[in-house]
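Presented below is the structure to which this report refers.
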Amino acid sequence: MEKHQQMYERATRHPFTVSIREGTVDMSAFKRWLSQDYLFVREFVAFIASVLLKCCKQEDSSDMELILGGVASISDEISWFKNEATRWGVDLASVSPLKANLEYHRFLQSFTEPEVSYVVAVTTFWIIETVYQDSFGFCIQDGNKTPPELLGTCQRWGSVGFRQYCQSLRSIVDRCLANAPADAVKSAEEAFIRVLELEIGFWEMSSSQS
Ligand code: HMH
């Protein structure tokens, strides 16, 4: 995280999420993000399942419960998106994924390959969740002017509970990386950078139709 700090900041202090915090967010951009993220989350289910599968194949599968919790909470998340879409008058049935979202889908799908190791998959999982935790956590920190109607969204990923979940994932990642061969550590770093790029692209897509 220190090595790639600049890029991490671009992903977690993006003008789109900062505009939520400043109370200046363009609501059509917010709705675009909401509908695109619903599609993302549906793909994310299969990704978490692939992380879970790799975890279960490890000799030590003690991480299983936390990752299984991730699978369970995504069910609630999908219901949340549906409710939120209704609230904002967004028709989820008619949404198609935009380019940056499709690119992210392809990346997530690559993890179903058995050749991708557990350490790389769990590192990817951790950073995907952490970008949202940090981005939305900032929207509810001191000095925010986040519109009240968007606080629920920010709480979903910015809550203390979600932060603790990300910290538990981070402990798993730290342990796995400490025991991993150098080439796996390198692949995990590449995946980490790729997630940051994809997250920046996702915010860009949300703020300006592309
Ligand atoms: C694009 N990244 C994106 N969407 C999400 N919902 C998360 C991360 C966190 O779950």
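The values are calculated or read from the model by the stated rules, or taken from the named source; none is laboratory data. Here the structure is a predicted model, which means the values were calculated and not measured. Quick reminder, even Gly has a Cβ in these numbers, built from the backbone with ideal geometry, and neighbours come from all protein chains shown. The accessibility values were calculated without ligands, DNA or RNA, using every heavy atom of the protein model including side chains. Shrake-Rupley method; radii C 1.70, N 1.55, O 1.52, S 1.80 Å.
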Would a scan of segment 140-147 turn up a residue that is part of a helix (DSSP H, G or I), out of contact with any Pro (no Cβ under 6 Å at 6 or more places or on another chain) and either modelled with pLDDT of 95 or more or not β-branched (Val, Ile, Thr) (or both)? no
Exactly one condition in (1) modelled with pLDDT under 95; (2) within 24 Å of Ile20 (Cβ to Cβ) is false for Gln155; which is it? (1)
Of all residues in segment 161-192, which are closer than 15 Å to Val119 by Cα, in contact with a helix residue (DSSP H, G or I) (Cβ under 7 Å, 6 or more places away or on another chain) and not small (Gly, Ala, Ser)? Leu169, Arg170, Ile172, Val173, Cys176, Leu177, Val185, Phe192
Which residue is nearest to the ligand (Cβ to nearest atom), if the candidates are limited to segment 100-115 and must be within 17 Å of the chain's Cα centre (by Cα) and among the charged types (D, E, K, R)? Glu103
How about segment 142-187: which of its residues are among the aliphatic types (A, V, I, L, M) and over 19 Å from Phe44 (Cβ atoms)? Leu150, Leu151, Val160, Leu177, Ala178, Ala180, Ala182, Ala184, Val185
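Table: residues versus (1) basic (Lys, Arg); (2) over 14 Å from the mean Cα position of the chain (by Cα); (3) buried (at least 16 other Cβ atoms within 10 Å of the Cβ).
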| residue | (1), (2), (3) |
| --- | --- |
| Ile127 | no, no, yes |
| Leu150 | no, yes, yes |
| Gln164 | no, yes, no |
| Asn179 | no, yes, no |
| Asp183 | no, yes, no |
| Leu196 | no, no, yes |
Of the conditions (1) open to solvent by 70 Å² or more (accessible area, probe 1.4 Å); (2) within 16 Å of the ligand (Cβ to nearest atom); (3) under 23 Å from Ile172 (Cα atoms), the single one that Asn83 does not satisfy is (3)
Being over 14 Å from the mean Cα position of the chain (by Cα), open to solvent by less than 50 Å² (accessible area, probe 1.4 Å), touching a residue at least 24 places away in the same chain (Cβ under 8 Å) and under 19 Å from Ile20 (Cα atoms) is the requirement here; does Thr146 meet it? yes
Within segment 176-194, is even one residue within 11 Å of the ligand (Cβ to nearest atom) and out of contact with any Phe, Trp or Tyr (no Cβ under 7 Å at 6 or more places or on another chain)? no
Condition test on Gly137, is it within 13 Å of the ligand (Cβ to nearest atom), in contact (Cβ under 8 Å) with a residue 60 or more places away in the chain and assigned to a helix (DSSP H, G or I)? no
